[in-house]
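Structure, as structure tokens:
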Amino acid sequence: MYDPMLPPLAASMGEPAGVGPDLLLRAFVDRASNGVSPFLVYGQANFLRSRAQRLGLAVEIRPATPATAAAVFADALPVFEVGGLVPDKPGEATPVSSQFVIGAIAEAAKATLGGACRGLVTAPIHKGVLYTAGFKYPGHTEYLAALCANGGEPKHPVMMLLHGDLRAVPLTVHVPLAEVPGLVTKELIVSTGRTVAHDLKTRFGIARPKLGIAGLNPHAGENGGIGREELDIIAPAVAELVFEGFDAEGPFPADTLFYPPHWRRYHAVIAMYHDQALIPIKTVAFDKAVNLTMGLPIVRTSPDHGTAFDLAGTGKASAASLTAALRLADRLTAQTVSA
């Protein structure tokens, strides 16, 4: 049973043509069995009514604010109305909806930053469509970092994919693989390690987080025989983290580091690039892992998948990852851990 005294979670509706609206509706319908706490959808009530009807879901939807959402949640899905054009055409993304999508994220983030909502859960967006409407950020996370900076210099956000005690962090994210070696720097590894350790301590209550650091090359470079990044960049970065008082080890060959018994020796593993981190965790928990953004002043989670246009409006998409994202945001914000 949720605490009615706690503010609700904020949930941005995401790309209307994708599965985000479907999954939010399903998470609400199954609230008695999945244990999610009250969340306020930043979206459009009429659109969600139309999508619920398309999915065959009997859902009452009511307008709400952060102050009224918890009371409404007992009987109806609370929605904070965001302006913009939002056609209900599953699988057919259009720039027409871009201002709505951007606005929903901004409103939800604003409410969370101000304390009216206690955590932010974001449904998937489609960056390509947003770019045509003038979206200037590399992705969802960078936009949130800018919103949290409120006009100042944004902090470097860190992506973590997690399922239970298995946590993986890609050092570099959505960049071509050919560019990764040039982006792997001692400074980035040290900065990422600091952020991960800090948030594991303050968000998860882990007194002394232990970090495992992967190598970039096969066999972690074989002492320079298959690349020198481990010797020249990664090992010095690990040494710097240890010098600063962090519990860090590496670099290790990624193919053995991600063997589950080895992986579980660490509170988090920092990988050098996107697929090096995501393939292992998606193999273990394909539709149950959660994307957590570290380094922000707010808790932000999201499902570990995209818009899945082919499943939108069909009722076939699994809500497991979104439900896990809601539950993690709830757990991380239901109590405060001392820094």
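The values are calculated or read from the model by the stated rules, or taken from the named source; none is laboratory data. Values in this document were obtained by computation on a predicted structure and should not be read as measured data. Note: ideal-geometry Cβ built from the backbone for every residue, glycine included; neighbour counts use all protein chains shown.
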Take the conditions outside any loop (DSSP other than H, G, I, E, B), in the same structural domain as GLN44 (by TED's automatic domain parsing), over 16 Å from the mean Cα position of the chain (by Cα) and buried (at least 24 other Cβ atoms within 10 Å of the Cβ) and apply them to VAL129. Does it pass? no
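Conditions (1) assigned by TED's automatic domain parsing to the domain that holds TYR137; (2) under 27 Å from LEU332 (Cα atoms); (3) in a loop (DSSP other than H, G, I, E, B); (4) in contact with a strand residue (DSSP E or B) (Cβ under 7 Å, 6 or more places away or on another chain), marked per residue:
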{"residue": "ALA11", "(1), (2), (3), (4)": "yes, yes, no, yes"}
{"residue": "VAL59", "(1), (2), (3), (4)": "yes, no, yes, yes"}
{"residue": "PRO66", "(1), (2), (3), (4)": "yes, yes, yes, yes"}
{"residue": "GLY83", "(1), (2), (3), (4)": "yes, no, yes, no"}
{"residue": "SER98", "(1), (2), (3), (4)": "yes, no, no, no"}
{"residue": "GLY103", "(1), (2), (3), (4)": "yes, yes, no, no"}
{"residue": "ALA106", "(1), (2), (3), (4)": "yes, yes, no, no"}
{"residue": "ALA111", "(1), (2), (3), (4)": "yes, yes, no, yes"}
Within the range 163-199, residues part of a loop (DSSP other than H, G, I, E, B), touching a Leu at 6+ places or on another chain (Cβ under 8 Å) and either of a type in the set (Asp, Glu) or at pLDDT 95 or above (or both) come out as LEU171, THR172, VAL184
- request: May I ask you to verify whether LEU322 is in contact (Cβ under 8 Å) with a residue 40 or more places away in the chain, surrounded by 23 or more Cβ atoms within 10 Å (Cβ to Cβ) and closer than 12 Å to GLY20 by Cα?
  value: yes
Exception for THR307 within (1) under 30 Å from SER50 (Cα atoms); (2) in contact with a Lys or Arg (Cβ under 8 Å, 6 or more places away or on another chain); (3) not acidic (Asp, Glu) falls at (2)
Screening ALA123, ALA52, ALA45, ALA108 for residues that are closer than 21 Å to PRO16 by Cβ, surrounded by 20 or more Cβ atoms within 10 Å (Cβ to Cβ), free of Cβ contacts under 8 Å to residues at least 40 places away in the same chain and among the small types (Gly, Ala, Ser) leaves only ALA52
Within the range 289-318, the residues that are more than 15 Å from the chain's Cα centre (by Cα) and either surrounded by 18 or more Cβ atoms within 10 Å (Cβ to Cβ) or assigned by TED's automatic domain parsing to the domain that holds GLY193 (or both) are ALA308, LEU311, ALA312, GLY313, ALA317
**Message:** Please verify whether ILE102 is touching a Lys or Arg at 6+ places or on another chain (Cβ under 8 Å), aliphatic (A, V, I, L, M) and more than 18 Å from ALA317 (Cβ to Cβ), treating the condition exactly as stated.
**Reply:** no
